[in-house]
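This report concerns only the one structure given below.
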Amino acid sequence: MANFLLSFPDIIHINITGPIDAAINYMVVNWKAFFQIIKIILGGMIKSVGAVINIIPWWVLILLVVFASWKISGSWKKAALYGILLFFIGCIGLWKLMNQTLTIVIVSVFISLLFGFPLGIVASRSNRAMHIMRPILDTMQTMPSFVYLIPAVMLLGIGNIPAIIATTTYAIPPIIRLTAQGIRQVDKEVLEAAKAFGSTRRQTLIKVQIPQALPIIMTGVNQTIMMAISMVVTCSMIGATGLGTEVITGINRLESGRGFAAGIAIVIMAILIDRLTQGALKNDKKN
């Protein structure tokens, strides 16, 4: 009796691992054609985005970042600093790996926005949809990121394609949440004025609600990008190329300098993207 009170009884056991494994195995066996289509689509996107990034000369990319930083911040000092930081990545020999990482981030963020933005609109216009999505999004945001790698590898193998699926799954919740929140917080008086002028629901959404909610939506975009970047190292464990591979190699070989250099490059990438998106958000608020 004492053991029963102090320790959870072994006879009480609910097996949830078996059904989950069975469901994934079923998809692996019976949904091969579907996942093959996904591989072809994502593979084409990776090649296209990667080709565009690799075509851009290194100095042109630096100038574009400097110019964008200056236009957004209005400060040549910040623009020069961001250009120097980007130049530093090339100086430590990680420019090509940065491009590979940037390719994965761009594709993952694009897919996250492609699906997350419409889902956020649905959640903003339906309480039932919001009640259904909320626990799912809570689970997705609190689930350890490593867990997403397991089904991605089982269904799509190893490499950049499963990395994009895992990254998208991990990064999509913020854009859904903040799109829904932003649209729901639009002033009711503004909506009533739009209706009084004869706007339909679609016109009100496109011309009133989305523009009014754009600052909050842009915050969701920023968070989605940051979460995608944070998955870089994790996804390198399943064969994703880029800076994360250098970090994992540094860990496996106990080469601290190699891992630290790649980590610095990832941090610089995250800082530049965060400052540019946040700066665009502040300019939008001023306008």
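The values are calculated or read from the model by the stated rules, or taken from the named source; none is laboratory data. The shown structure was predicted, so the numbers you read here are calculated from the model rather than taken from an experiment. Neighbour counts are summed over all protein chains in view; Cβ atoms, including those assigned to glycine, are modelled from backbone coordinates with ideal geometry. Side chains included, ligands, DNA and RNA excluded: accessible areas come from the protein's heavy atoms. Shrake-Rupley method; radii C 1.70, N 1.55, O 1.52, S 1.80 Å.
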Using the Kyte-Doolittle scale, which helices in the chain average at least 1.6 and also have C-alpha atoms spread 18 Å or more along the helix axis, with helices defined as whole DSSP H runs?
58-73
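For the range 1-64, what is one quarter of the convex hull surface built on the Cα atoms, given in nm²?
Directional mean of the projected Cα hull area for the range 1-64 stands at 10.0 nm².
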At a threshold of 8 angstrom on Cα-Cα distance, excluding pairs fewer than six apart, so keeping six or more, what relative contact order does the range 1-140 reach in percent?
18 percent
Can you compute the helix-only [θ] at 222 nm over the chain? Use -39500 (n - 2.57) per DSSP H run of at least 4 residues, normalise by all residues, nearest 500 deg cm²/dmol.
-26500 deg cm²/dmol
Here FRET efficiency (C-beta to C-beta, Lys96 to Ser7, R₀ 45 Å, nearest 0.05) is 0.25
Using 10 Å bins from zero, what percent of all Cα-Cα pairs in the chain falls into each bin?
6, 22, 29, 23, 14, 5, 2, 0
Dipole of the chain, positive end: most advanced residue of Pro162, Ile46, Phe117 [Cβ charges, Cα centre]
Phe117
List the residues, sorted by chain then number, that are 5 or more residues from Gly159 or on another chain and whose placed amide H is less than 5 Å from its amide H.
Gly239, Ala240
With the other protein chains left in place, how much accessible area per residue, in square angstrom, belongs to the range 106-225 at a 1.4 angstrom probe?
52 Å²
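Would you kindly state the longest site-free stretch of the chain, with sites defined as chymotrypsin sites (Phe, Trp or Tyr not before Pro) in a DSSP loop (not H, G, I, E, B) surrounded by at most 15 other Cβ atoms within 10 Å?
Numbers: sites that count: Trp31, Phe197.
The longest uninterrupted stretch comes out as 32-196.
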Accessible area of the chain belonging to carbon and sulfur atoms, whole % at 1.4 Å probe:
68 percent
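What relative contact order, as a whole-number percentage, does the chain give when Cα pairs under 8 Å and 6 or more residues apart are counted?
21 percent
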P(r) over all Cα-Cα pairs of the range 203-287, 10 Å bins from 0 to the longest distance, whole percent per bin, short to long, reads 17, 34, 23, 16, 8, 2
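Apply the Kirkwood formula to the range 95-212: the hydrodynamic radius equals the inverse of the mean of 1/r over all pairs of different alpha-carbon atoms; give it in Å with one decimal.
So the Kirkwood estimate lands at 16.2 Å.
Compute, for the chain, the length of the dipole vector about the Cα centre, with Cβ point charges of +1 (Lys, Arg) and -1 (Asp, Glu) only. Units Debye, rounded to 20.
On the way: 23 positive and 10 negative charges, 196 e Å.
In total the dipole reaches around 940 debye.
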